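Participant: Provided herewith is a single structure, encoded as structure tokens, for subsequent inquiry.
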Amino acid sequence: MADLARKRNEELARILHQLGWSPERLAREVNAALPAALAISSTAPYKWRDRGMVPRAPHDQTVCEVLSRTVGIAVTYEQLWGQMGSNRGAKILSPRLLTDPWTADTAQTALREAGADAAPVRLTDLFRGDELEQAARHWASPAPEVTGGEGALRIAREQLADLRLSYDSKQRLERTYGGGLILDLAKAELAMVGKLLELGAYDETLGRELYGAASRLARLVGWANYDMGNDAAAQRAFVAALRAAHVSGDPRLGVSVVGCLAVQATHNSGGRGLDAVAMLSTALRAAEEVLTPRERALQLGRIARAHGKKGEQISAEAVAERAFLALEGESGHGQEWADLEGMVGEGYLFLGDHERAQHLLAGAVAALSPERARAKALLMVRLADSYQRTGEHQEAERIADEARRLAAGMQSARVARALRDFDAAARATVG
């Protein structure tokens, strides 16, 4: 520990008093959360509280996590130790997740938070739209210097290849069985990559690629959280992914993360006041030259759907046409074409154009492979909803039953919520 300032830590003292905990109780709780080899003495918290001493990693972060779980709201590193003057150890990112400098160090901190098993993030912790839009602009600015890379763990390209294989396998599982199946695994792997960034030895080129791998994993953690209905936690993981993408210097990664934020904002309350169309359109224009046809079509499909949600039919149709043109003539993109049909079909469903919605949604459902079971189940519920609204109740119920069978055992709160909403609407129609 570093005895940096012999002054009382008033914030730690306040929280312990609020909980009715003695320093010995804090020591027991910290030891219960860590392996036996990392146990601290019962007197260590007295030094933290009364003498202003700051514990080294991992004890600094563990204290934040233990207190967060017990208090019920996040207790951050900045709040607990920031005034003590230490920059040591793993931190829980400060509340300025969106406004802290966009450096490699703060990217590491954001990634560490996204991979940690911290206290649950509440829905009221959602960022405002203008805050997210400001953060979304940073991916296009020049990449910062890669700091670190002087640790004892030698990182080689073989490790990067292993990380990519692991990411691909988890993404396939998530698409088939839902985010709940892989969320904890993805968070654990993200925490591991954070350790490699912190303790690894790598040059600038390898370091940027490692940040790219971390960005993909953080994006997957965010998407799994979103699929499980954890909107605020999803946002924080997406912002961590955006920060890591910025350090990686790959604008394609940044656009993909902005696209995830736009999807979240289109379908629910993710991003209070966020204009998904404006944010994603800006990102797409900035990276137009580097995106593949598949990537361009995906983001255009998301924009078209968002236009539909806003009731902007002319804009939705124009962007949808651009999206389909992006894939036209491209071979081997059958699943991407089905994805695009599904997104545009949802846009027409929002607009109340059921004839076109049903045509596109049915095409997407028929073309999606078994590995895309989660997306297929969702689109089946959308299709059943469209038939329900046009009075074709038997067809609607038939398709909904198929969706239920496909979704049996699936760990996706989005699918479960869509089915509940359909059932409630069906009951209201009968009533």
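The values are calculated or read from the model by the stated rules, or taken from the named source; none is laboratory data. Everything quoted here is computed from the prediction, not taken from an experiment. Note that each Cβ is placed from the backbone with ideal geometry, even for glycine, and that neighbours are counted across all protein chains shown.
Participant: Go through (1) among the aliphatic types (A, V, I, L, M); (2) surrounded by 24 or more Cβ atoms within 10 Å (Cβ to Cβ); (3) under 25 Å from the mean Cα position of the chain (by Cα) one by one and return the number of the condition residue 284 breaks.
Facilitator: Of (1) among the aliphatic types (A, V, I, L, M); (2) surrounded by 24 or more Cβ atoms within 10 Å (Cβ to Cβ); (3) under 25 Å from the mean Cα position of the chain (by Cα), only one is false for residue 284: (2).
Participant: Of the residues in the range 123-171, how many are outside any helix (DSSP H, G or I) and at pLDDT 95 or above?
Facilitator: First, pick out the residues of the range 123-171 that are outside any helix (DSSP H, G or I): 126-128, 137, 141-156.
Next cut, at pLDDT 95 or above only: none.
Residues meeting the conditions: 0.
Participant: Then there is this: Take the conditions crowded, with 18+ Cβ neighbours inside 10 Å and either in the same structural domain as residue 230 (by TED's automatic domain parsing) or more than 30 Å from residue 210 (Cβ to Cβ) (or both) and apply them to residue 318. Does it pass?
Facilitator: no
Participant: Right, here's the next one. Condition first: more than 18 Å from residue 336 (Cα to Cα), hydroxyl-bearing (Ser, Thr, Tyr) and out of contact with any Asp or Glu (no Cβ under 9 Å at 6 or more places or on another chain). Can you find one or more residues in the range 306-321 that meet it?
Facilitator: Looking for residues that are more than 18 Å from residue 336 (Cα to Cα), hydroxyl-bearing (Ser, Thr, Tyr) and out of contact with any Asp or Glu (no Cβ under 9 Å at 6 or more places or on another chain), one finds at least one in the range 306-321, hence yes.
Participant: Residue by residue through the range 369-396, note down the ones that are of a type outside the set (Lys, Arg), within 22 Å of residue 266 (Cα to Cα) and under 26 Å from the mean Cα position of the chain (by Cα).
Facilitator: Across the range 369-396, the qualifying residues are 373, 375, 377, 378, 379, 380, 381.
Participant: Hydrophobic (A, V, I, L, M, F, W, C) and either surrounded by 23 or more Cβ atoms within 10 Å (Cβ to Cβ) or over 23 Å from residue 408 (Cβ atoms) (or both), is that true of residue 367?
Facilitator: Values: hydrophobic (A, V, I, L, M, F, W, C): yes; either surrounded by 23 or more Cβ atoms within 10 Å (Cβ to Cβ) or over 23 Å from residue 408 (Cβ atoms) (or both): no.
So residue 367 does not fit the description; no.
Participant: For residue 330, are the conditions met, namely being of a type in the set (Asp, Glu) and closer than 24 Å to residue 174 by Cβ?
Facilitator: no
Participant: crowded, with 17+ Cβ neighbours inside 10 Å and in contact (Cβ under 8 Å) with a residue 40 or more places away in the chain - does that describe any residue in the range 390-409?
Facilitator: There is no residue in the range 390-409 that is crowded, with 17+ Cβ neighbours inside 10 Å and in contact (Cβ under 8 Å) with a residue 40 or more places away in the chain.
Participant: Further, regarding this structure: For residue 261, indicate whether it is buried (at least 23 other Cβ atoms within 10 Å of the Cβ) and either under 25 Å from the mean Cα position of the chain (by Cα) or of a type in the set (Phe, Trp, Tyr) (or both). Even if it seems obvious, please write down each step before you answer.
Facilitator: On the way: buried (at least 23 other Cβ atoms within 10 Å of the Cβ): yes; either under 25 Å from the mean Cα position of the chain (by Cα) or of a type in the set (Phe, Trp, Tyr) (or both): yes.
The answer is yes for residue 261.
Participant: Sort through 345, 329 and tell me the only one that's within 29 Å of the chain's Cα centre (by Cα) and within 27 Å of residue 291 (Cβ to Cβ). Explain how you work it out, then say what you get.
Facilitator: On the way: 329 fails: within 29 Å of the chain's Cα centre (by Cα).
When all the criteria are applied, what remains is 345.
Participant: Exactly one of these conditions fails for residue 111: (1) in contact with a Gly (Cβ under 6 Å, 6 or more places away or on another chain); (2) outside the structural domain of residue 208 (by TED's automatic domain parsing); (3) at pLDDT 75 or above; (4) not hydroxyl-bearing (Ser, Thr, Tyr). Give me its number.
Facilitator: If we test residue 111 against (1) in contact with a Gly (Cβ under 6 Å, 6 or more places away or on another chain); (2) outside the structural domain of residue 208 (by TED's automatic domain parsing); (3) at pLDDT 75 or above; (4) not hydroxyl-bearing (Ser, Thr, Tyr), just (2) comes out false.
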